[in-house]
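Since every read-out is calculated from the coordinates, none of them should be taken as a lab result. Since this is a predicted model, take the numbers as computed values, not measurements. Note that we place each Cβ from the backbone using ideal geometry, even for glycine, and neighbour counts take in every protein chain shown.
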Amino acid sequence: MIGPAVGNDTTRPFTGRLKIDARLLLASVGWLPVVLVAGLVVVVVWLSFQVITPGQSANFGWRAYRELYGDPFVYQTLLNTGWFALLSVAVALFFGVVAAWLVERTDLPYKNVLFTLMTTGVLVQGFITAMGWVFLLHPRIGLMNKAIASIHGMEWATVDIATPMGMGVIQGLALAPLAFMMVAATFRSLDPALEEAAAVHGMGLISTLLRVTLPLAFPGILAAGIYISTIGIAAFDVPAIIGLPNRVFMFSTFLYFRVQPEFGAPRYDLAGAFSTLMIFLSLLLSWLYIQVVRYSHRYAVVTGRAYQPKPVELGRTAWLAWVFLGFYLLLGQILPTLVLLWNSLLPYFQPISWSSLDIISFSNYHNLPWSHLLESARNTGILMVSVASLTLAFSVAISWTVTRSDLAGRFVLDAGAFLPHAIPHVILAVGANYVALFLVGKALPIYGTIYILLALYVLAWMSFGTRVLNSAILQVHKELEEVGKVSGIPLLTCLRKILVPLIAPAMVNAWLWMALLSYRELTMASLLVTPHNLTFPVFIWSLWMEGSITRAAAASVLGLACMIPLVALYWVFGRRASGSDTAI
Amino acid sequence: MTGLSVRGLTKVFRTKSGSVHALRGIDMRVEPGEFCVLLGSSGSGKTTLLRCVAGLEKPDSGEIRLGDRIVFSDNPKTFVSAEDRGFGMVFQSYAIWPHMTVFENVALPLLHGKRKLLRQEVRGRVAHALRLVQLEGLQDRPAPQLSGGQQQRVALARALAVNAQALLMDEPLSNLDARLRESVRYEIRELAKKLNSTVLYVTHDQVEAMALADRILLIGEGRLLQSGRPHELYEKPIDPAVAEFLGTMNWLSGKIRERGFVQTELGLLRVHGAEKVGSELLLGIRPEDIRLKPVPSGEINEFRGEIVDNTYLGDHRLCKLKTPGKTMVAKLVGTDMGYGTVHFQVPEERIVVFHPNHKGKEESK
């Protein structure tokens, strides 16, 4: 015995005392959002079978599907969505894979700069890039189109951006940073000895690249491609900015159009039926994604290597690499931003000319509806902080239950937490819209408040939160918690004093990333926003849709300016323990 | 200090590729103040047994008592969770919390555990525990700045500081280098005896087990193969597997020719207790029991062989002795005998006899 014994431990009764099992408490907290997400999916499927006849109570049947089946507009939308998704994957992978190879496998100078630009590029709102490109390539008034058309004999070369393929290219440019992050992680985890073996045995650079590196990285690239297509088929920003005003519909804007129609009653049944098809498609893609990811881990190096693999020397071709990357940065980020800035200073949209220099002013900024702007900024601010914090809390509960407890059903819980990754957010938003308006409206009047956005954002991003925390917790040796348990420390204290401090870097990273996601989110908000719960992205979008495009440009410039300190914050605190392949 | 008893303990792990029977009915006792070592190869179930005792795994059936308190039973169903059992434990990885100082590591269970102490008490208790493991003065050192040996001591201090019912140790020395391992081993034993602690200690290293244990419990394939004092297990193993695990054995198989004499690969061997003429026997001889001689001495059980391999190992040599029927390994301390023809004697009293039909019988203490 060390020192005086305290209490009479041996005779203390240990049964018959009522106590709450902290494991069950955590598990139930974790199950709550998973059940809610599953509930939203069920509601959407249920909606698709509703048959509503005015003046009668609802029946159930296949009417929505029959109507969908016989509607050429639906076929057109599907075709549009297909081309759009295909083009965005192709463009994203083209730029993403090359950039990832340059950063991870060559001695490209200033590659840190490229890495920074690409990772923060993930956070640039798609609708801002899209607005920029409308200014550049609008069929009638786009700056580039006008410039091309002014050259005699070149009229044929003008580009119509308001087509599925045009939008697909823009969406692809916006998704390239994501492809970059995922593929870079694949390149990083490949065993460099495999490439070195090829080199030692006399294979040249190109031959090694084509016969060793790319085949090894292929599963990882394929996984990135599948993942990006799940985003592509449901992307909202670009189709909403470019497609909607020009009556070119995609799946996501179709849903928006059915649930928030300009006139007539909302058609939840049609939205539900189309969504149900897309749910099946998305689950299929996610299943493929998981299979491919599992396959791709076969070649991965699990342990960190002490030595640096010898990078491919670019030598005098380095400038070529930077020309390529510069081309991407110009198209994807610099040009759209500059043209937005330019137009935010003009009273109305016009080409660049000496005469327009005389009329530039800050009047768009002055004339912004500032009361709305401030209110939307306040709402967005509240959402950023509360969504990130709540999602993190739920994610800790879920991830602990999945990785550490021995409770039955924890694998189902994990799959459930992955669900918002698989099911397009716009579908969840349709479900939430209906639930808030018609199912719980009386008891829980959350429609038109920021609470519904809060709840939906938390559900949508718990998949991201749990992916980051799962891998963070798995990196903490189990015995660190077990020793606490054996020495008599209760579970919740163990979490607070041991686990949470150890995974704090990952938690800070996830918190900041989710705050930034909340800042840029337009898709879900578009289906749930009323004048009373305006968010900043919706504020910009509504300016755009009402035709005040130069004022929308001004608001976007303000939004981008606000993002700089946020990204800097993320850069300083968050990036250390990033789970890069689970971004978004 | 409290004793510990386990009765009929079973545990099956169900994995995707099937079920693994980790424990197949273990019965054992640890007396108050006794230092018991669970010895076994990896996968034998020894760590699972320790984790069941600690409350980190839930057994499928059986009973575990800590003193006279039942901490696990399948009938009536009882499971006292790990934090309520009151053990101190040292893990293989040490499990030193890397975000804390030495003091905080030892103090955390005292401040937040089931038996909360007052702050002033904690200070004294931690200081005392650190003095016991000779770490006084390192209180404020951040944990990641400690050497492996120091982390090991912090882990020990933390386990001692809670005034545990009993100490559980899961291969605590396996991450230390060989030299340090020996000195820490000695300190652990000394400390446990000084504090009169009940200790259940897991290792796969038979030298470590013999050096530390009052009693060794040899585990194999989820069963208790034999328990006893180290020399009992080494000299009187009840099972060839036990004998093999505790050190190299030369195996001879033979048939009893007449009372006291067995026909083996070496030739006719006089064996104590070979009674039943015609029955088969398995005989084991430890390398250190074989006596090498340059010239024949005419004693009983003497044979001629040829040294075909001679490995110098510092304090002894290992010689391979080739005879017409069998190649034996002998341990030679003292003068080198080089290579070539040699005579060797197998002392009758050192031969371990197994009846092949009765192997795997449970121990009788």
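Check the straight Cα-Cα distances from A:Lys111 and name the lysines below 26 Å, setting aside those fewer than 8 residues away within the same chain.
Excluding near neighbours in sequence, the set is A:Lys310.
Looking at the square roots a ≥ b ≥ c of the eigenvalues of the Cα gyration tensor of the stretch B:203-288, which shape do they give, rounded for a/c under 1.5, prolate if a/b is larger than b/c, or oblate?
Verdict is prolate for the stretch B:203-288.
Which ordering of B:Ile188, A:Ile398 is given by a fewest-first count of other beta-carbon atoms within 10 Å? Show your work: numbers first, answer last.
On the way: B:Ile188 26, A:Ile398 29.
Going from least to most buried by this count: B:Ile188, A:Ile398.
Hey, got the dipole for the stretch B:4-244? About the Cα centre, +1 on K and R Cβ, -1 on D and E Cβ, debye to the nearest 20? Write out the running numbers ahead of the final one.
Working: 33 positive and 28 negative charges, 144 e Å.
With Lys and Arg at +1 and Asp and Glu at -1, about 700 debye.
How far is helix B:102-112 tilted, in degrees, relative to the longest principal axis of the Cα atoms in chain B, given as a value from 0 to 90 rounded to the nearest 10?
Compared with the principal axis, the helix lies near 70 degrees.
Quote the charge dipole size of the protein assembly as shown about the Cα centre in Debye, to the nearest 20; the model charges only the Cβ of Lys and Arg (+1) and of Asp and Glu (-1).
1200 debye
Distances longer than 17 Å among the Cα atoms of the stretch A:179-256: what percent of all pairs is that?
For the stretch A:179-256, the fraction of Cα-Cα distances above 17 Å is 60 percent.
Around B:Tyr201, which amide H atoms from residues at least 5 apart in sequence, or from another chain, sit under 5 Å from its own amide H, with H modelled in the peptide plane?
B:Cys36, B:Val37, B:Leu38, B:Met169
List, in the order given, every pair from A:Lys497/B:Lys16; B:Lys276/B:Lys322; A:Lys497/B:Lys194; B:Lys11/B:Lys194; A:Lys478/B:Lys114 whose Cα-Cα distance in the structure shown is over 25 Å. Before the final figure, lay out the partial values.
Numbers: A:Lys497/B:Lys16 34 Å; B:Lys276/B:Lys322 30 Å; A:Lys497/B:Lys194 33 Å; B:Lys11/B:Lys194 35 Å; A:Lys478/B:Lys114 21 Å.
In this structure, A:Lys497/B:Lys16; B:Lys276/B:Lys322; A:Lys497/B:Lys194; B:Lys11/B:Lys194 exceed 25 Å between Cα atoms.
Net charge near A:Ala318: determine it from the other residues with C-beta under 11 Å of the C-beta of A:Ala318, scoring Lys and Arg +1 and Asp and Glu -1.
Working: positive: A:Lys111, A:Arg316; negative: A:Asp107, A:Glu313.
Combined, the nearby Lys, Arg, Asp and Glu give 0.
Mind listing the phi-derived Karplus ³J(HN,Hα) values for the stretch B:163-169, rounded to whole Hz, using 6.51, -1.76 and 1.60 with θ = phi - 60°, and x for any glycine or proline?
6, 5, 4, 7, 9, 10, 10
Please report, in whole Å³, the volume per residue of the convex hull around the C-alpha atoms of the stretch B:248-353.
In the stretch B:248-353, the Cα hull volume divided by residue count equals 88 Å³.
Treat each spin label as a single point 7 Å out from the Cα along the C-beta direction, and report the A:Arg140 to A:Thr530 distance in nm.
Label-label distance for A:Arg140 and A:Thr530, simple model: 3.6 nm.
With r as the distance between the Cβ atoms of A:Ala199 and B:Arg304 and R0 = 60 Å, compute the FRET efficiency 1/(1 + (r/R0)^6) and round to 0.05.
The computed FRET efficiency comes out at 0.50.
Given a 10 angstrom Cα cut-off, can you work out which residue in B:Glu104, B:Glu299, B:Glu190 is the most mobile in a GNM of chain B?
B:Glu299
Counting other C-beta atoms within 10 Å, which of A:Phe249, A:Phe60 has the fewest, and how do the rest follow?
Lowest to highest Cβ neighbour count: A:Phe60, A:Phe249.
Just to be sure I follow: if Rg is taken over the C-alpha atoms of the stretch B:4-244 and Rh is the Kirkwood radius over the same atoms, what is Rg/Rh? Before the final figure, lay out each step's value.
Numbers: Rg = 18.0 Å, Rh = 18.5 Å.
Computed over Cα atoms, the ratio is 0.97.
Along the charge dipole of the protein assembly as shown, which of A:Ser189, B:Thr101, A:Met167 sits closest to the positive end, that is, farthest toward it, with unit charges on the beta carbon of Lys, Arg, Asp and Glu (+1, +1, -1, -1)?
Value: B:Thr101.
Compute the distance in nm between two label points, each set 7 Å from the Cα along the Cα-to-Cβ direction, one at B:Ser183 and one at B:Ser147.
My value for the distance between the label points is 0.7 nm.
Averaging over all projection directions, find the projected area of the Cα convex hull of the protein assembly as shown and quote it in nm² with one decimal place.
So the Cα hull casts an average projection of 54.4 nm².
Count charges around A:Ala162 for me, please; just the other residues with Cβ under 15 Å from its Cβ, Lys/Arg as +1, Asp/Glu as -1.
Taking every other residue near A:Ala162 into account, the sum is 0.
Using just the helices of chain A, give the 222 nm mean residue ellipticity in deg cm²/dmol: DSSP H runs with n ≥ 4 each add -39,500 (n - 2.57), and the total is spread over all residues, rounded to 500.
Details: 26 runs with 375 residues, N = 584.
Rounded to the nearest 500, it is -21000 deg cm²/dmol.
Hey, can you list the DSSP H helices of chain A whose Cα span along the axis is 27 Å or longer and whose average Kyte-Doolittle score is at least -0.5?
A:22-48, A:72-105, A:164-189, A:268-296, A:370-404, A:450-474, A:549-569
No solvent, one uniform scatterer per C-alpha: report log10 I(q)/I(0) for the stretch B:93-200 via the Debye equation at q = 0.17 1/Å, two decimals.
-0.77
Give me the percent of Cα-Cα pairs in the stretch A:466-569 that sit more than 25 Å apart, rounded to a whole number.
Numbers: 2491 of 5356 pairs.
Of the Cα pairs, 47 percent sit more than 25 Å apart.
What list do you get for A:His421, B:His21, A:His201 if you sort them by fewest beta carbons within 10 Å?
Numbers: A:His421 21, B:His21 15, A:His201 8.
Listing A:His421, B:His21, A:His201 from fewest to most nearby Cβ atoms yields A:His201, B:His21, A:His421.
Taking N as the number of residues in the stretch A:122-235, what value does Rg over Cα atoms divided by 2.2 N^0.38 Å take?
The stretch A:122-235 yields a ratio of 1.49.
Once the Cα gyration tensor of the stretch A:226-302 is diagonalised, what are the square roots of 5 times its eigenvalues, in whole Å and ordered largest first, as equivalent ellipsoid semi-axes? Before the final figure, lay out the partial values.
Working: eigenvalues 224, 44, 9 Å².
Listed largest to smallest, the semi-axes of the stretch A:226-302 are 33, 15, 7 Å.
Picking from B:His316, B:Met337, B:Gly298, whose Cα lies most toward the positive end of the charge dipole for the stretch B:248-353 (charges on Cβ: Lys, Arg +1; Asp, Glu -1)?
Going by the Cα projections, it comes out as B:Gly298.
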